[in-house]
Protein chains: 2
Amino acid sequence: MEALKKKILEEGVVLSDEVLKVDSFLNHQIDPVLMEHIGTEFARRFAEEKITKVLTIESSGIAPALITARELGVPVIFARKQKSLTLKNDIYVEKVYSFTKQSTNEITISKQFLVSGDRVLIIDDFLARGEASLGLCRLVEKAGATVVGIGIVIEKSFQNGVNKLKEAGFRVESLARIASLHQNQIQFAE
Amino acid sequence: MEALKKKILEEGVVLSDEVLKVDSFLNHQIDPVLMEHIGTEFARRFAEEKITKVLTIESSGIAPALITARELGVPVIFARKQKSLTLKNDIYVEKVYSFTKQSTNEITISKQFLVSGDRVLIIDDFLARGEASLGLCRLVEKAGATVVGIGIVIEKSFQNGVNKLKEAGFRVESLARIASLHQNQIQFAE
């Protein structure tokens, strides 16, 4: 998606060979016009999939997921991240390891919002090692629902998340694919 | 706002005299069509205020704030909640006490996204005792920027937040104002 790549080149800050900061339009400040383009593009790519719910994870996934859901005419759910919970009966819980923070969080969804028969599109802001996306997939499967695809705003193609998701059989659509951040240079894939 | 009140009556769950749960359209699952109406209404009410930034707090404020910002043609920033931080130079930090969770969080914004001269509209999902909104106001003032108003999706008018904000001189616009949750009945103000 050209508008997104342009924005990444103009405003993205390379912090290391592995870390790209896009706080000016996606992860802290958000550009609402770009989110419209992003959500519309995800909806276009998954238009044939008879999606019934969009699922994301707080907080940076909410903006692109909201627009995607509006375009598809379905609700969006955001999974919550929490440290650790006392056992509860009304939620699905999965553990997700964060390499960035080197800690394990639990992510949760209320059982009432994800049911057997749901066809779910997962949207997230970044795909690196795939831990968050895989956790969301496991939540969907616990509910007896189907993951029809995963839409990613920025994929770091040089990490192994995208391969893990594809090997697990999931369709992944990434709007920007970064091949390398080596030597402070943002190189897109292809 | 009639569409919002109708939704609250249909789907809101009264958990106690003080707690209303709206997880089906605002705080966990989100109704994108309702968010369009909400954001458009906030933008209409504050249209004359020459707003330069919309500010909210993760996570439930993001959806209504995004649409408001798009309608006003400005960026949206979401403040982050964190447990406690090592001191950093590039962020503004405020402490916010949560009566619900009975704990104090720090909320933060990067200095680069809020600057002197900014005219800021604060958007939040709920107004109860006003601690979160007041914390956001203090962040704006630390940046030397101006709070031009506070837009609230659901105000619990029977708690003292709205009065605190008005006494501090802030304009508050709430789309639904709840006078009482007594005996499991949702009563709107006026």
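What follows is calculated from the coordinates using simple rules that are stated; it is not laboratory data. None of these values were measured; they are calculated from a predicted model. All Cβ positions, even for glycine, are placed from backbone atoms using ideal geometry, and neighbour counts span all protein chains on display.
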*Mean separation of Cα pairs under 8 Å and 6+ residues apart, divided by the residue count of the stretch B:109-152: what relative contact order is that in percent?*
55 percent
_Those GluC sites (Glu not before Pro) in the stretch B:92-187 that DSSP places in a loop and that have at most 14 other beta carbons within 10 Å_ = none
*Hand me the trypsin sites (Lys or Arg not before Pro) from the stretch B:33-118 located in a DSSP loop with no more than 15 other Cβ atoms within 10 Å, in residue order please.*
B:K50, B:K83, B:K88, B:K101
*Share antiparallel - DSSP beta bridges, the protein assembly as shown, percent rounded to 5*: 45 percent
*asked:* Report D for the stretch B:16-57 in µm² per second (integer): Stokes-Einstein, Kirkwood Rh on Cα pairs, 37 °C, 0.692 mPa s.
replied: 263 µm²/s
*What is the sum of charges around A:F42, taking Lys and Arg as +1, Asp and Glu as -1, for the other residues whose C-beta is under 14 Å from the C-beta of A:F42?*
-4
*Between B:L20 and residues 5 or more places away or on another chain, which pairs have amide H atoms under 5 Å apart, with H built 1.01 Å from N, and which residues are they?*
B:L15
*Averaging sequence separations of C-alpha pairs under 8 Å and six or more residues apart, then dividing by the length of the stretch A:2-188, give the relative contact order as a whole percent.*
20 percent
_At 7 Å along Cα-to-Cβ for each site, give me the label-to-label distance between B:K95 and A:N89 in nm._
4.0 nm
*Give the whole-number value, in cubic angstrom per residue, of the convex hull volume spanned by the C-alpha atoms of chain A.*
110 Å³
*Output the pairs from B:K88/B:K142; A:K21/B:K81; B:K81/B:K101; A:K88/B:K7 with a Cα-Cα distance over 24 Å in this structure; if there are none, say none.*
A:K88/B:K7
*Can you give the % of DSSP beta bridges in chain A that are antiparallel, to the nearest 5?*
40 percent
*Setting aside same-chain residues fewer than 8 positions from A:K95, which aspartates and glutamates have a Cα under 16 Å from its Cα?*
A:E58, A:E106, A:E131, A:E141
*asked:* Report the Cα centroid-to-centroid distance between the stretch B:24-94 and the stretch A:1-26 in angstrom, as an integer.
replied: 21 Å
*For the protein assembly as shown, average projected area of the Cα convex hull in nm²*: 18.6 nm²
